[in-house]
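Asker: Shown below is the structure under consideration.
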Amino acid sequence: MSAPAFVLPPEREATEPPERRGVARDEVRLMVVERGSGEITHLGFRDLPDLLDPGDLVVINNSATLPAAVPARLADGSEAELRFASPAPTMAAGRWWIVEARTPDGAEPLAALRGRAELPGGATATIVAPYAGGERLWLASVRVGEPVDEYLLRYGHPIRYGHLSDEHPLSAYQTAYALAPGSAEMPSAGRPFTPPLVTALVARGVHVAPITLHCGVSSPERGEPPIAERFEVPEPTARLVTATREWGGSVVAVGTTVVRALETAARPDGSVAPARGWTNLVITPRRGLRAVDGLLTGWHEPQASHLQLLEAALGPGLLARSYRAALERGYLWHEFGDAQLVLP
């Protein structure tokens, strides 16, 4: 990856939801970057309806966030936080999970010890082997006595990282249109949307359609590519993406998760077929984008693999310019921060 190179100062990290700062969800800042002209404009998220044209399509991710972290006692007796990243692909449904162990405060990753971890409510997770040959994620056989999603709702708490100043309720990690529980971490690009803003988009003649992609756990310390994730592009959305491209509208993805789902289902000509299952797709500048014309996204850490996708959308020069501008103008990073809109 060639760009951008930058250092993220601590004061640019959003340490709490904007509501705690006296700012509504849809009042966060929005940088607009036009790929064709190279122009950069600084607006607010509420300006979004005015930036899109009738006939454009906004594709959202309706995955809901689970309280995916639980306290655990590892096989050596040490305390930890165990994060449920995702069911294991191709393994027995409900029993085998990909997990991550971290320090009890969630701040640092741990080398999980093979053996049985004790979980709340008499549940256990037997950690068997590293997942996919890595060092951070592990394959575990889970016994919780009920569906894992229900267990987590009973005993879990939302995943949080060291940049946050306090704990926040699960509702702070949900988008306004979250319907399908399954994400370990919030699809955060959609957090600034509110029902009135969605209504304003529809009233303008902008179409809104869902996909589902359940997010795994990220690696802010190591910048690893995303793991395989469950997704579905339903037939109505696939047809609407294809139709939008045919009539000359722009397909705007809300978040890198939506890009990953749509591009997994995209044909070489940019049309999209209905699809569901698991995706391993990692979008790079060389691979490029086929179905997606525009992107709403947050601001990513210097080592994040998502920057490859942003480079595919913007090119290295414009991407670097936008990140320099964000740092100079005081934009805020992370899941509770500000937003960027990439337009053709």
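Asker: Of all residues in the stretch 96-123, count the ones that are at pLDDT 90 or above and surrounded by fewer than 19 Cβ atoms within 10 Å (Cβ to Cβ).
Answerer: Filtering the stretch 96-123 for residues at pLDDT 90 or above gives 96-104, 114-123.
So of that shortlist, the ones also surrounded by fewer than 19 Cβ atoms within 10 Å (Cβ to Cβ) come out as 96, 103-104, 114-116, 118, 120-122.
Qualifying residue count, the stretch 96-123: 10.
Asker: Any idea which of 176, 112 is over 18 Å from residue 67 (Cβ atoms) and in the same structural domain as residue 216 (by TED's automatic domain parsing)?
Answerer: Working: 112 fails: in the same structural domain as residue 216 (by TED's automatic domain parsing).
None of the others qualify; the one that does is 176.
Asker: Looking at 301, 311, 328, which is the one that is closer than 25 Å to residue 25 by Cα and modelled with pLDDT under 95?
Answerer: Details: 311 fails: closer than 25 Å to residue 25 by Cα; 328 fails: modelled with pLDDT under 95.
After applying the criteria, what remains is 301.
Asker: Between a first residue in the stretch 271-285 that is surrounded by fewer than 17 Cβ atoms within 10 Å (Cβ to Cβ) and a second residue that is hydrophobic (A, V, I, L, M, F, W, C) and part of a strand (DSSP E or B), which pairs have beta carbons less than 9 Å apart while being 6 or more apart in sequence or on different chains?
Answerer: Hits for this filter: 273/233; 273/266; 274/233; 276/231; 276/233; 277/231; 278/231.
Asker: I'd like the full set of residues that are touching a Pro at 6+ places or on another chain (Cβ under 9 Å) and among the basic types (Lys, Arg), limited to the stretch 292-344.
Answerer: Within the stretch 292-344, 321, 324 meet the criteria.
Asker: For residue 255, work out the one condition from (1) surrounded by 22 or more Cβ atoms within 10 Å (Cβ to Cβ); (2) at negative phi; (3) under 19 Å from the mean Cα position of the chain (by Cα) it doesn't fulfil.
Answerer: (2) is the only condition that residue 255 fails.
Asker: Now a separate question. So which of 75, 88, 101 is within 12 Å of residue 148 (Cβ to Cβ) and in contact with a Lys or Arg (Cβ under 9 Å, 6 or more places away or on another chain)?
Answerer: Numbers: 75 fails: within 12 Å of residue 148 (Cβ to Cβ); 101 fails: within 12 Å of residue 148 (Cβ to Cβ).
Only one candidate passes the filter, namely 88.
Asker: Quick one: which strands (runs of 3 or more DSSP E) lie wholly within the stretch 122-239 and hold at least 3 residues that are touching a Phe, Trp or Tyr at 6+ places or on another chain (Cβ under 8 Å)? Break it down stepwise before answering.
Answerer: Values: elements: 124-130, 137-143, 180-183, 207-213, 229-233.
In the stretch 122-239, the matching strands (runs of 3 or more DSSP E) lie at 124-130, 137-143, 207-213, 229-233.
Asker: Does the stretch 33-48 include one or more residues that are over 23 Å from residue 257 (Cα atoms), touching a residue at least 60 places away in the same chain (Cβ under 8 Å) and crowded, with 16+ Cβ neighbours inside 10 Å?
Answerer: yes
Asker: Moving to a separate point now. If only one of 339, 304 is in the same structural domain as residue 17 (by TED's automatic domain parsing), farther than 23 Å from residue 52 by Cα and either over 13 Å from the mean Cα position of the chain (by Cα) or of a type outside the set (Phe, Trp, Tyr) (or both), which one is it? Full working, then the answer.
Answerer: Values: 339 fails: farther than 23 Å from residue 52 by Cα.
Selected residue: 304, the only one of 339, 304 that is in the same structural domain as residue 17 (by TED's automatic domain parsing), farther than 23 Å from residue 52 by Cα and either over 13 Å from the mean Cα position of the chain (by Cα) or of a type outside the set (Phe, Trp, Tyr) (or both).
The values are calculated or read from the model by the stated rules, or taken from the named source; none is laboratory data. Quick caveat, the model's predicted, so the values are computed rather than measured. Note that we place each Cβ from the backbone using ideal geometry, even for glycine, and neighbour counts take in every protein chain shown.
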